[in-house]
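Peer 1: Got a structure here, written out as structure tokens. Questions coming.
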Amino acid sequence: MTIRILLADDQEAVRVGFRLVLDSQPDMEVVGEASDGLQAVELAAALNPDVVLADIRMPRMDGLEVTRRLAGLDATSPMRVVVVTTFELDEYVHTALSYGACGFLLKRSGPTLLVEATRAAMAGDTLISPSLTVNLLKHHRNAGRPKAPKPVDALTNRETEIAVLVAKGMTNAQIGSELLISAGTAKTHVASIQRKLDVRNRVGIAAWVWGHGLEE
């Protein structure tokens with residue numbers, strides 16, 4: 001199955017670079033490009049892509065509002081949106097995820113994570129740039145140790161081990177390499193951990209790890 005992708009970014013050079021990376025994948029095809037947020041919403045309705053990759057700062061409508069309209073609770077037919085931006089701001093991450101984004105990447109993350117995030121979104125997973133996961137964990141540190149409503153024994157020993165690696169900002173592939181398991185198995189474990197802890201994404205896992213002092 002080919003993943004049909006819509007790119008939304010006001011910089012043509014960025015769209016060209018993303019298209020080259022994504023179109024080179026055997027299971028991906030860029031079906032449209034938008035140079036502003038309003039055009040992104042219109043093209044999404046017309047093309048019905050599988051995944052939308054949206055920048056945050058765009059003319060006429062920013063990427064956060066695009067995310068809310070396409071993936072939020074009020075969306076008629078919710079779509080998978082991955083926010084890809086230059087700006088490493090915690091409030092952007094929180095807002096994008098609360099609006100239903102399936103991922104949040106920094107543009108400097110590189111082509112491998114771009115492809116991985118697109119595939120993760122298609123599979124119903126959430127991928128956040130590892131550096132952002134770590135930064136958000138540091139935010140929890142600075143704000144004081146957060147509440148950890150789920151006890152430590154909510155997870156198996158293996159799941160706890162993987163949760164700690166998630167809190168260190170590792171991707172599924174890196175976790176697999178560290179534990180000598182496949183990236184797919186790591187992904188399955190991460191999904192199970194999110195379900196057991198009742199968190200929406202990897203940042204929630206990281207916060208749980210910090211809340212119990214497991215990273216120390």
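The values are calculated or read from the model by the stated rules, or taken from the named source; none is laboratory data. Every value quoted in this text rests on a predicted model; they were computed, and no experiment measured them. Here the Cβ positions follow ideal geometry from the backbone for every residue, glycine too, while neighbour counts run over all protein chains shown. Each accessible area value is taken on the protein alone, full model and side chains, heavy atoms only, with ligands, DNA and RNA left out. Shrake-Rupley method; radii C 1.70, N 1.55, O 1.52, S 1.80 Å.
Peer 1: Of the residues that make up segment 44-61, is at least one touching a Leu at 6+ places or on another chain (Cβ under 8 Å), open to solvent by less than 40 Å² (accessible area, probe 1.4 Å), modelled with pLDDT of 95 or more and not aliphatic (A, V, I, L, M)?
Peer 2: yes
Peer 1: I'm trying to understand the selection: among the residues of segment 161-202, which are at negative phi and among the small types (Gly, Ala, Ser)?
Peer 2: Once the filter is applied, which keeps residues that are at negative phi and among the small types (Gly, Ala, Ser), segment 161-202 yields Ala163, Ala167, Ala173, Gly176, Ser177, Ser182, Ala183, Gly184, Ala186, Ala191, Ser192.
Peer 1: Also: If you go through segment 19-75 one residue at a time, how many are of a type outside the set (Ser, Thr, Tyr) and part of a helix (DSSP H, G or I)?
Peer 2: The qualifying residues number 24.
Peer 1: Can you name the number of the only condition in (1) crowded, with 16+ Cβ neighbours inside 10 Å; (2) within 20 Å of Val115 (Cβ to Cβ) that Asp36 fails?
Peer 2: Result: Asp36 passes all but (2).
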